[in-house]
Each structure stands twice: as C-alpha cells, then as structure tokens.
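Here is the structure we will look at.
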Amino acid sequence: MNNKESDSSPVSFEQLPIGYEFPPSSYELSTSVISKYLEAVGEQPDFLKSGIVPPLAIAACAMTALSQSFTVPPGSIHASQELEFLKLVPIGATISCGGKIAQKLERGRLSLIVLEINALNQDREKVLAGKATVAVPK
Amino acid sequence: MNEKPKLSDIHQGDSLPSVVKHVTQQEINLYAEASGDFNPIHIDEAFAAKTPLGGTIAHGMLILAYASEMMTKAFGKSWLEGGKLSVRFKAPARPQDTITVSGKIDSIESIEGIPYVNCSLECCNQNGEVVITGGAVVKLQ
C-alpha cells in the first residue's frame, strides 16, 4: 500500500515517550491495492463487488504506518491486538493512519509497548480504532 | 457476502462458519507487498533461519485477516461496520501450515436497544496448536 507521507526515518522505541504521536500516513485504497490485498489473504476476489475495503486491510495500513516510524529489537513480538471497525470505507478512498504510544510497561524480561492506532477517512471521521501490544525483549 | 443476519437467525451456542487456509511463503510475500511490512522475519528465509524461530513466519495480521473473513461470512456488513476484535497472538504461523479459524456465539445482549453478539474465536494450525485466540463482538445494525 503506497504511503504518500511520512518521510521520517524510524527511531528506536526507547527514544519515544509515552504519549508520542506518530506522524500520519496516507493510503489510497484503490481497486488494484485492495485486489492485491485480497489475493494475499486468500479472500475471494468477488469481495471487490461489495465496493467495501476489508477492515483488516485498513488495520494493516495503520500498523504499517506505525511500524515505519520506530524500530524494535530483533525478537520483538506482536503480542495482542484490539480493533474496532467504526465506518465502512469504500474502495477508492484515501485514509489517514496514525497513532500514539499509549503505555510502556515492564513485565519480567519483557518490555511491553501499547500502541493506539486509528484511521480517518477523507472527512476526518474515524473509521478504525485499536490497540496493539508489542513485547520487546530486554 | 451476507448483507446482515437477522437476530432471529442467531442463537447462543451457534458455531460460526469455519475458515481453512493453507499458508504459503508466496502468500506471506504477497501480504508483505500488500501491507508494506517487509520485516525480514516474514520474507527472508536465510535471515529467518538464523533466528530462534528457525524460519519465516506469517504476519500476525495476515492470520487475523482469516479470522475477520470468518466473521464477515457470519455477519456480513454488521461485522464490517460494527465489529470489534480482541485477540492474543499465541504462536507463529509458518509456511505450509494449515490454519483453521473457528468460533462460536457466546452470548447475545441488548445495550440501549441494540443487539450485540459476543463471540469467541480461535485460529489453530494442523497440529491443533493455537495461533490466535480471542473474542469478537458484532453490533447488529
């Protein structure tokens, strides 16, 4: 999915404070982009007839937007994910994805980073919200 | 795609229509292209072989997309527009794994007159190992 903005080089998550808001990234969800996504997830191509972007495609954009903004060490694991689908997004729309570092926790040998993610449509309405927890080895 | 199921057709204890997917490195590579996530653990077999994982693994969000497909099959647009997922990634999915997504309706409740369907779901590999576990809630429109 092509990213129209966000040219900053990624920084280590350790350098980012709680509350840090990631610069937004835009994604144009064209028919060809969604068709590629559907092929990748083994979904029937006739999903395209619905004219609706699969919500996990939007979530993928949101996660990619954040992952391009900071780095984590090797061995880090995407531990959990929460998502809420708020509005339908038509194929062809452009969304803006962003988020922030909501929490940093210590759990034994792991550090946990809780990221809040969101996606907005062209009317600046929230179409997706969520939280991702990444477990980082110390 | 089902438009929106009727409340009268949904019952506590009902199983959701399972989804079975065969994970291939080709699909993982396609997902990397589609999502922009080119972490070498997913696509670089030589790199991944040297890690504790011993080989490439599928993106967690790829497997989660399978779970969303199951929910879409069951609830149609109600899922796409009013769904919530909360899951833990328990184990990696690897190329050549067969992932079965299953779920069931745990309860149906009414909040401010709107019915919400609470589901549990699991993604398991061919060895019965749980890859993803969690729940989903559907707001019936």
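Rounded, prolate or oblate, given the Cα gyration tensor of the protein assembly as shown, with a/c below 1.5 counting as rounded?
The shape class here is rounded.
Quick one: helix A:55-67 against the long Cα principal axis of chain A, what's the angle to the nearest 10°, folded into 0 to 90?
It works out to around 40 degrees.
Tell me which residues come under 5 Å, amide H to amide H, from B:F89 once H is placed; ignore anything under 5 positions away on its chain.
Here the answer is A:S80, A:Q81, since their amide H atoms fall under 5 Å of that of B:F89.
Could you count how many Lys pairs in chain B have their Cα atoms under 21 Å apart, skipping same-chain pairs fewer than 8 positions apart?
Close lysine pairs under the 21 Å cut-off: 22.
According to a simple spin-label model (label point 7 Å from Cα along Cα-to-Cβ), what is the distance in nm between B:S15 and A:T94?
4.7 nm
Rounded to the nearest 10 degrees, what's the angle between the helix B:60-75 long axis and the longest principal axis of chain B, both from Cα atoms, 0 to 90?
It is inclined by approximately 20 degrees.
Residue-wise, which Karplus ³J(HN,Hα) couplings in Hz belong to segment A:127-132, taking 6.51 cos²θ - 1.76 cosθ + 1.60, θ = phi - 60°, and x for glycine or proline?
Karplus values, whole Hz, x for Gly and Pro: 9, 8, 9, x, 9, 10.
Taking loop as defined by DSSP and a crowding limit of 10 other beta carbons within 10 Å, which trypsin sites (Lys or Arg not before Pro) in segment A:30-117 fit?
A:R109
When chain A is treated as a GNM, springs tying every alpha-carbon pair under 10 Å, which of A:S30, A:S69, A:S80 comes out with the largest mean-square fluctuation?
Comparing A:S30, A:S69, A:S80 in a Gaussian network model of chain A, the most mobile one is A:S80.
Sum up the lysine pairs in chain A that clear both bars: alpha-carbon distance under 23 Å and a spacing of 8 or more or different chains.
15
For chain B, compute the orientation-averaged projected area of the C-alpha convex hull (one quarter of its surface), in nm².
If I average the Cα hull's projected area over directions, I get 8.8 nm².
Quick query: amide H of A:L29 versus all other amide H atoms, modeled in the peptide plane; which residues come in under 5 Å with a sequence gap of 5 or more or a different chain?
When sequence neighbours closer than 5 places are left aside, the close amide H contacts are A:G92, A:A93, A:T94, A:I95.
If you average the alpha carbon positions of segment A:7-62 and of segment A:93-138, how far apart do those two centres end up, in angstrom?
13 Å
Where is the GNM fluctuation largest for chain A (alpha-carbon springs, 10 angstrom cutoff): A:E106, A:E125, A:E116?
A:E106
For segment A:16-137, with the dipole built from +1 on Lys and Arg beta-carbon atoms and -1 on Asp and Glu ones, taken about the Cα centre, which of A:A119, A:A102, A:A129 lies farthest toward the positive end?
With unit charges placed on the Cβ atoms, the residue in question is A:A102.
Which net charge results when you count Lys and Arg as +1 and Asp and Glu as -1 among the other residues whose beta-carbon is under 11 Å from that of A:Q44?
With Lys, Arg at +1 and Asp, Glu at -1, the net is -2.
Per-residue ellipticity at 222 nm for chain A, helices alone: DSSP H runs ≥ 4 residues times -39500 (n - 2.57), over residue total, nearest 500 deg cm²/dmol?
Mean residue ellipticity, 222 nm, calculated: -5000 deg cm²/dmol.
Mind jotting down the three principal axis lengths of chain A based on Cα atoms? Whole angstrom, largest first.
48, 29, 25
Here, each number is a calculation from the coordinates, and none is a lab measurement. Please read these numbers as outputs of a predicted model, since none were measured by experiment. No Cβ is skipped: glycine too gets one built from the backbone with ideal geometry, and neighbour counts run over all protein chains shown.
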